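Q: Below is a structure I'd like to ask you about.
The values are calculated or read from the model by the stated rules, or taken from the named source; none is laboratory data. Since this is a predicted model, take the numbers as computed values, not measurements. Here Cβ is always computed from backbone atoms with ideal geometry, including for glycine, and neighbour counts include all displayed protein chains.
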Amino acid sequence: MANAAMERREDAAAERSRARRMAWWHEARFGMFVHWGLYAQLGRHEWVMNRERIPVTEYERLSDTWKPKERPMREWARLARDSGMKYLVMTTKHHEGFCLWDTAQTDYNAAKRGPARDLVREYVDACREFGLRIGFYYSLMDWHHPDGARCAKDPKARRRFLDFTQGCVRELMSNYGTIDILWYDVAWPLKTPERWESARMNAMVRRLQPGIIINNRSLLPEDFGTPEERIAAEEGRAWEACMTFNGSWGYFPSAPDSDWHSSRAVIEMLQKVTAGGGNLLLNIGPSPDGSVPRQAYQRLAPVGRWLARHGEAVYGKVDRAYDSLDWLVHGSWTLKGKTAYYWTGRWVGSEIVIGGLQTKVRSVASLDTGREVSFTQTKDRLVMTGLPDRSPDRIAGIAVLKIEFAGPPRQVLGPGCVVI
Ligand code: GLC
């Protein structure tokens, strides 16, 4: 009995600490994922070593030929900031096993091979310079380490590989000042958190970085879920959808322009994550020298301009719109307490009607024109009038109406036309 009560108290304390640690992250909403490693030189996806069965000794040569230009991370960070992103997550080591920082765990690292610099240090400096929060991606799976596969069967190899893994993580958590996010990936070939010693490893991480946020890919739930290439709200917990820009995480110059998400599609992603109370981590795969592909620039610049005008519908503490508001034919919602934002990507004309609202509307304003909007509310019809004939959003054709309610809004439509 006493134990159960103690556990409940510990759980409640852990929840409070989590809420404190994650407040900034929930409000930030939008981050940049960066996949950069030796694979950029081949330009055929970050899984190229595995998918083309490139022998380790042949692939290793890429570590000597890699010569990034000077401090490309400043370009990423500037682009992230100008696009309305608030944090970055960079691959410190991807599945290929090449460490981008100056590590004592292996010579297969950026300081000792081709780049001859600590690329993680440069990344951290760039994030700080541009006022962005800092995330480290770390792949548990390792195709280069001699024990990376055999650790599954050989206990001695497993011990060595865990020591290597924990050594890498310890360095990353010790040598670069405050780190905001630890983003693990692919827990192959060990199948359980016990085999990975994840609880112990993450306890070490939290001792070194008490404010850090950890994702769920060390096979423990930790702080947030990571739906990949889909935007799906997770119930009862924090989540972040990670999305490629063009179908590949790593640099892939032969992807046709049409494979890249449009600015409008990125803004629609932001609507979906915000409506579900989640975050969006949108990826870029820089070229071998570290340049951001032009397609990313072209698409992100308008997103930044769009967010400069409509940001209040995205950033900050939100409520899940799905829980109280329904779907409509010309747009969708995001929600903050008594304020709902109606994002309309299909502007139907000078009069826009929303059915089913059960809560009294106090005011309507257009985030695009900055003006009040006239409206009448009769029974469950909200009729907004005197609007422009064409969408007032010239950036992506997604305009936002801000609707203030007398209380938390509720909308009831349902399939029938008569409310019974
Ligand atoms: C997958 C892929 C990996 C990528 C990651 C990002 O797990 O294996 O290449 O880094 O998704 O979420």
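Q: What's the total number of residues in the stretch 95-147 that are closer than 28 Å to Gly211 by Cα, away from the ligand (no atom under 16 Å from the Cβ) and in contact with a Phe, Trp or Tyr (Cβ under 6 Å, 6 or more places away or on another chain)?
A: Residues flagged as closer than 28 Å to Gly211 by Cα, away from the ligand (no atom under 16 Å from the Cβ) and in contact with a Phe, Trp or Tyr (Cβ under 6 Å, 6 or more places away or on another chain) within the stretch 95-147 amount to 6.
Q: Which members of the stretch 118-146 meet the condition of being charged (D, E, K, R), in contact (Cβ under 8 Å) with a residue 24 or more places away in the chain and in a loop (DSSP other than H, G, I, E, B)?
A: Asp142
Q: Need pairs with beta-carbon distance below 6 Å; first residue modelled with pLDDT of 95 or more and surrounded by fewer than 22 Cβ atoms within 10 Å (Cβ to Cβ) and within the stretch 30-43, second of a type in the set (Val, Ile, Thr) and in a helix (DSSP H, G or I); sequence gap 6+ or separate chains.
A: Listed pairs, sorted by first residue: Leu42/Val48.
Q: Starting from the stretch 221-236, take each residue that is within 25 Å of Ala265 (Cβ to Cβ) and list its partners that are of a type in the set (D, E, K, R) and in a loop (DSSP other than H, G, I, E, B), counting only C-beta distances under 9 angstrom and pairs at least six apart or across chains.
A: Phe224/Glu234; Phe224/Arg237; Gly225/Glu234; Gly225/Arg237; Thr226/Arg217; Pro227/Glu234; Ala233/Arg320
Q: In the stretch 315-397, which strands (runs of 3 or more DSSP E) lie fully inside it and hold 1 or more residues that are under 24 Å from the mean Cα position of the chain (by Cα) and under 23 Å from Cys417 (Cβ atoms)? Give the derivation first.
A: Numbers: elements: 332-336, 339-344, 352-355, 361-366, 374-378, 381-385.
Per the criteria, 332-336, 339-344.
Q: Report yes if some residue within the stretch 268-277 is surrounded by fewer than 22 Cβ atoms within 10 Å (Cβ to Cβ) and either closer than 14 Å to Ala296 by Cβ or within 16 Å of the ligand (Cβ to nearest atom) (or both); otherwise report no.
A: Taking every residue of the stretch 268-277 in turn, at least one turns out to be surrounded by fewer than 22 Cβ atoms within 10 Å (Cβ to Cβ) and either closer than 14 Å to Ala296 by Cβ or within 16 Å of the ligand (Cβ to nearest atom) (or both).
Q: Being over 17 Å from the mean Cα position of the chain (by Cα), closer than 30 Å to Glu70 by Cβ and touching a residue at least 24 places away in the same chain (Cβ under 8 Å) is true for just one of Ser262, Ser248, Ser287. Which residue is that? Spell out the reasoning first.
A: Details: Ser262 fails: closer than 30 Å to Glu70 by Cβ; Ser248 fails: over 17 Å from the mean Cα position of the chain (by Cα).
Matching residue, one of Ser262, Ser248, Ser287: Ser287.
Q: Within the stretch 65-99, how many residues turn out to be assigned to a loop (DSSP other than H, G, I, E, B) and closer than 23 Å to Thr226 by Cα?
A: Filtering the stretch 65-99 for residues assigned to a loop (DSSP other than H, G, I, E, B) gives 66-72, 83-86, 94-98.
If we keep only those that are closer than 23 Å to Thr226 by Cα as well, we get 83-86, 94-97.
Counting residues in the stretch 65-99 that are assigned to a loop (DSSP other than H, G, I, E, B) and closer than 23 Å to Thr226 by Cα gives 8.
Q: Only one of Met73, Met22 is away from the ligand (no atom under 16 Å from the Cβ) and either under 16 Å from Leu100 (Cβ atoms) or of a type in the set (Phe, Trp, Tyr) (or both). Can you tell me which? Write out each step before concluding.
A: On the way: Met22 fails: either under 16 Å from Leu100 (Cβ atoms) or of a type in the set (Phe, Trp, Tyr) (or both).
Testing whether each residue is away from the ligand (no atom under 16 Å from the Cβ) and either under 16 Å from Leu100 (Cβ atoms) or of a type in the set (Phe, Trp, Tyr) (or both) leaves just Met73.
Q: Need the failing condition index for Asn50 against (1) more than 16 Å from the ligand (Cβ to nearest atom); (2) part of a helix (DSSP H, G or I); (3) not aliphatic (A, V, I, L, M), just the number.
A: Of the numbered conditions (1) more than 16 Å from the ligand (Cβ to nearest atom); (2) part of a helix (DSSP H, G or I); (3) not aliphatic (A, V, I, L, M), the odd one out for Asn50 is (1).
Q: Right, here's the next one. Here are the criteria: (1) touching a residue at least 60 places away in the same chain (Cβ under 8 Å); (2) out of contact with any His (no Cβ under 7 Å at 6 or more places or on another chain). Tell me which single one Val56 does not satisfy.
A: Every listed condition holds for Val56 apart from (2).
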